[in-house]
1. Show me you know the interface measure: the accessible area buried between A and B, both chains summed, probe 1.4 Å, in Å² to the nearest 100.
2. Please report the projected area of the stretch A:199-262's Cα convex hull averaged over all directions, in nm².
3. Take the alpha carbon atoms of the stretch A:1-142, find their radius of gyration, then divide it by 2.2 N^0.38 Å using N residues; give the quotient.
4. Taking each residue of B:43-51 in turn, how many C-beta atoms of other protein chains fall within 10 Å of its C-beta, and what is the average?
5. Give me the accessible area per residue for the protein assembly as shown, probe 1.4 Å, as a whole number in Å².
6. Any lysines with Cα under 20 Å of the residue A:148 Cα? List them, leaving off those in the same chain fewer than 8 positions away.
7. Viscosity 1.567 mPa s, temperature 4 °C: what is the translational diffusion coefficient of chain A from Stokes-Einstein with a Kirkwood Rh over Cα pairs, rounded to a whole number of µm²/s?
8. Please report the orientation-averaged projected area of the stretch B:23-94, defined via the convex hull of its C-alpha atoms, in nm².
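The values are calculated or read from the model by the stated rules, or taken from the named source; none is laboratory data. Remember, predicted model here, so these are calculated numbers, not experimental data. Reconstructed Cβ throughout: ideal geometry from the backbone, glycine too, with neighbour counts over all protein chains shown. All accessible areas refer to the heavy atoms of the entire protein, side chains included, with ligands and DNA or RNA removed. Shrake-Rupley method; radii C 1.70, N 1.55, O 1.52, S 1.80 Å.
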Amino acid sequence: MTPASEPPARVGDLTTAQLEAGLAADGLAVRIGPFDCRIQASCAGLAGPLHHLYHDFPLLAGGRVLHAHVHVRDVRRWLPRPSRRIRFLVDGRAPHEDMPAGQALPVLEWGLNLVIALRFHCYLMLHAAVLERGGRALLLPAWPGHGKTTLCAALAHRGWRLLSDEFGLVRPGTRFMVPVPRPMPLKNESIEVIRHFAPDAVLGPVVPNTRKGDIAHVRPPADSVVRSAEPAPAAWLVFPRWIAGAPLTLEEMSKSEGFMQLATNAFNYELLGETAFDTVRELVSGSRCFRLVYSDLEQAVAALTRLADSDG
Amino acid sequence: MESTTPTSDRAGDSQHPAPRWRRIDPADLSWVSWDGAYAVYHRPAGKTHFVNAATALLVSEGSREPFDAAQACALLAAADGPATDPSFQQDVVATLMRLEELGLVDPA
C-alpha cells in the first residue's frame, strides 16, 4: 500500500471498495501499454475482477488527455419482458448491441479490443500474440481458434515476458513490437489446461455462456506490466496451430511465405498502404519464419524456448 | 491480394491487331523478394501483389516502348532459356492481360 499522503500508483493499491467507488463515480484513468484509458463502471460484479486482473496497472492522475473513455453499465428493459443487459460505451457511444447481464468483464475486454482495433492506426496491428525472451520478440500470428492465447499464456508463465496476447503492435517502418499487456481470455477447455500447466497463474472468475463459450482471464504477470514501456525487436514469426493429437512440428518456412501470411494477418494492412508493406518487409527481413503444429502444450513451449535460447 | 486469372477480352484474334503493352513507371512500384518469390506494392492502386520471378520480370523489365507477346516471350527466354511448352505464348498473353487489369502493365 502506498502512504496515505501519496495518490495510489497502481490499481492494486486501492481497496476493492475504493476501486468500485472510483469506477462508479468519474471512473479511473489507467495506463494499458501505450494507451491511457478512463474506465467507468456502473454495474454489479466488475470491481472485484478488475481489482484482481488489473492489479499491477498504473493509475493516472486526473487532468490529462486520454485515448478513450469507456463505460460499462447496467441497462434495464421492460419490453417485451423485464430483463437486465450490459451496455458498453466508448466516449459516450454504444458501438454494438447490449450484452447479457453477468458478462460485464468480457464485454469490457472485448470493448477495449474494439477501441484499439478501430483507433490506433499509428501502429501496424497484427492479430498476434507477442512475447519477449533475451531481448528479442516472438510473434505468434494466428486467427481465432488456433490456440494462440493458450500458448501465449503458457509461455508468459515459463520465462517469457508478455507483450500482448491479441494485438501485435508494430512501430511503422521498424520491427519493434510495442507492449500492450492485458488480461488474457481463455476459453472453455483452455481454462483447465492453463490451471494445470501453470498453477501459479492468477485467473479471474469463469464467466459462463458468453458468445465465445466459458471465459476466464489470466492476469498478466507483474513484470510484463511494469516493463510495458520496453519494446522489443521481432526475431521469430511463428504461425501456430493447435490440432488435437498432432505430433509437434516446428518447420521453418520461406520469408516470401512469411511475408504473405503476415500481410494477410495484419488488421490494418490496406489502410496503412505502403507503410504497412515496408513494415512487414522489415519484420520478415529481420526474423526467421516458422510454422508450428502441436497438441501438447509442454512440448510447444519447450520447442519455442529452445529456439530462442539457441538462436544466436 | 489479387489473383492472376484474366477476365479481359483484349487477347486479340485474326480480325483485331495483337495487343501490345508497355512497362509502367518503376517509381510506382516497391519490391521485395526472397527465394524467387516477389511481393510488389503498387503505389497508385495501394495494392500488394504476390508474383513469381517470370511475372516480376515482365513487370519490371518490360520495355517502356510498346511490346507484344512475342517480345515478352523473348524477354523471358533470355532470362530462363527457351520455353518448351507449346502453350507458353498463350500463357504469357493471359498473364499480361491480367497484369493490365491490375494496372501493373499499361496497354499500348
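1. On the way: alone 13910 and 6500 Å², together 19160 Å².
Interface area, both chains combined: 1200 Å², rounded to the nearest 100.
2. Working: hull surface 31.4 nm².
Over all viewing directions, the stretch A:199-262 projects a mean Cα-hull area of 7.9 nm².
3. Working: Rg = 16.8 Å, N = 142, 2.2 N^0.38 = 14.5 Å.
That ratio works out to 1.16.
4. Details: counts 3, 0, 0, 7, 3, 11, 0, 5, 0.
That works out to 3 on average.
5. Values: 19160 Å² over 420 residues.
With the other protein chains kept in place, the protein assembly as shown gives 46 Å² per residue.
6. By straight Cα distance, residue A:148 reaches A:187, A:212.
7. For the chosen part, D equals 64 µm²/s.
8. On the way: hull surface 20.7 nm².
Projected over every direction and averaged, the Cα hull of the stretch B:23-94 covers 5.2 nm².
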